[in-house]
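Everything below concerns the one structure shown next.
The values are calculated or read from the model by the stated rules, or taken from the named source; none is laboratory data. Source: prediction; values computed, not measured. We place every Cβ from the backbone using ideal geometry, glycine too, and count neighbours over all the protein chains shown. In case anyone asks, the SASA skips ligands and DNA or RNA and just uses the protein heavy atoms, side chains included. Shrake-Rupley method; radii C 1.70, N 1.55, O 1.52, S 1.80 Å.
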Amino acid sequence: MDKKKLILTIITIILFIVVFFLAFLLFNKYVLKRNFENDILSFANKNENIIFKINKIVLFSNCDAKNKTSSLTNFTIENLYQYTDIALFISNSSDENNMKNTFKKVYIDNIKFNNTPSIGEPKMYFKSINNFAKSDIVDENLITDKLEFDVTSNDEANLNTPVLYNNLANPITLSYVNNNIKSDYTITDTSSPITYDGSLLKRCNVPLNSISCNLSFDINITNNLEEKFKCTVHIDIPLESQDKSIYEGNITLKNDVNYTFYRYK
């Protein structure tokens with residue numbers, strides 16, 4: 001083979017490789033586009049109708065302290081903590097319960113403190129509805145990774161444990177607790193009585209912006225058709241309202257919301 005034919009052969013091979021590579025890229029792009037379109041269409045079809053949604057959230061914010069000691073001239077507290085109890089009311093799409101709009105499995109995960117307080121140790125707990133708005137903290141109810149609920153259809157259940165009626169009759173109840181805002185802190189002004197509520201924050205010189213927090217978590221639902229749903233909830237811990245501050249005692253908010261669960265499987 002002479003030199004010209006060799007060069008022509010090499011150029012032909014290179015052109016063939018380039019054309020093949022470009023064709024492969026175009027085909028791959030087409031496949032990705034079709035897959036993306038199919039995924040979007042499948043997602044849209046799954047979520048044509050809303051099955052589960054959160055239509056109300058109740059928040060109760062207060063403060064308390066542990067290991068309180070006192071004398072005639074001073075008062076010392078251990079573990080000044082601020083807590084916010086959270087009740088989430090989930091509703092379904094119909095007045096009639098069926099396999100599609102009732103619970104088979106529910107759990108909470110992906111808990112994040114998106115705006116971490118500058119002082120204290122924020123944590124999340126399961127809260128019994130019987131103790132809602134009370135300062136009780138049960139260490140065993142600490143959520144370390146995720147919280148799985150027992151789902152029941154019985155007429156009566158032990159609501160001191162994480163349990164939900166499959167017909168959505170009771171809310172999900174949680175408690176955000178910011179521990180150790182102040183520890184071994186002595187109040188020397190004992191001329192006025194100590195009240196174990198949000199006024200403790202003021203008496204202990206805790207700026208509200210130092211304990212503000214925004215948290216989020218995912219609620220995961222499997223219905224009785226084995227379809228899976230998810231909703232991400234964001235909550236700003238209420239320390240002030242339009243007419244009140246937690247410094248004055250406690251804050252209760254009843255928020256009408258419209259969080260919808262999307263079906264992904």
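Using Cβ point charges alone (K and R +1, D and E -1), the dipole size of region 162-232 about the Cα centre works out to roughly 160 debye.
Look at the dipole of the chain built from charges on Cβ: of Asn160, Asn255, Ile194, the Cα furthest out on the positive end belongs to Asn255. Short to long, the 5 Å bins of the Cα pair-distance histogram for region 110-265 hold 2, 7, 14, 18, 20, 15, 10, 7, 4, 2, 1, 0, 0 percent of all pairs. Note on Thr252 and Ile194: their simple-model spin labels are 2.6 nm apart, each label 7 Å out from Cα toward Cβ. Toward the positive end of the charge dipole of the chain, with +1 on the Cβ of Lys and Arg and -1 on the Cβ of Asp and Glu, the farthest Cα among Thr102, Ser128, Pro207 is that of Thr102. Among the listed pairs Lys56/Lys182; Lys53/Lys127; Lys100/Lys244, those with a Cα-Cα distance over 31 Å are Lys56/Lys182; Lys100/Lys244. The order of the peptides 183-193, 149-159, 54-64 by mean Cβ neighbours within 10 Å, most packed first, is 54-64, 149-159, 183-193. Taking P(r) over Cα pairs in 10 Å bins from 0, in percent as calculated from this structure, the corresponding entry among [x] 6, 23, 24, 16, 11, 7, 5, 4, 3, 1, 0, 0; [y] 7, 32, 37, 20, 4, 0; [z] 6, 29, 36, 23, 6, 1 is [x]. Fully extending the segment from Met99 to Thr222 would add 43.2 nm, taking 0.36 nm per residue of separation and subtracting the current Cα-Cα distance.
In angstrom, the C-alpha Rg and Dmax of region 190-237 are 19.8, 63. Per-residue Karplus couplings for region 178-187, computed as 6.51 cos²θ - 1.76 cosθ + 1.60 with θ equal to phi - 60°, are listed in order as 9, 7, 6, 5, 9, 10, 6, 9, 10, 9 Hz, Gly and Pro entered as x. Charged side chains reduced to their Cβ positions (Lys and Arg at +1, Asp and Glu at -1) give the chain a dipole of some 1560 debye around its Cα centre. The residues of region 122-224 present an accessible area of 46 Å² per residue when probed at 1.4 Å with all protein chains retained. Since only Thr116, Leu88, Gln242 are under comparison, the one whose Cα sits farthest along the positive direction of the charge dipole of the chain, derived from C-beta charges on Lys, Arg, Asp and Glu, is Thr116. Pairwise Cα distances in region 185-265 exceed 20 Å for 54 percent of all pairs.
Given the DSSP H assignment, sum -39500 (n - 2.57) over each helix run of at least 4 residues in the chain and divide by its residue total; what's the result at 222 nm in deg cm²/dmol, nearest 500?
-6500 deg cm²/dmol
Stokes-Einstein diffusion of region 105-191 at 25 °C, 0.890 mPa s viscosity, Kirkwood radius from Cα pairs, rounded to a whole number: 162 µm²/s. The mean sequence separation of alpha-carbon pairs under 8 Å and at least six residues apart, normalised by the residue count of the chain, gives a relative contact order of 28 percent. Taking the Cα atoms only, what angle lies between the long axis of helix 3-46 and the longest principal axis of the chain, rounded to 10 degrees? On a 0 to 90 degree scale, this one is about 40.
Given a 1.4 angstrom probe, I'd like the percentage of the accessible area of the chain that is carbon and sulfur, rounded to a whole number. Carbon and sulfur together cover 52 percent of it.
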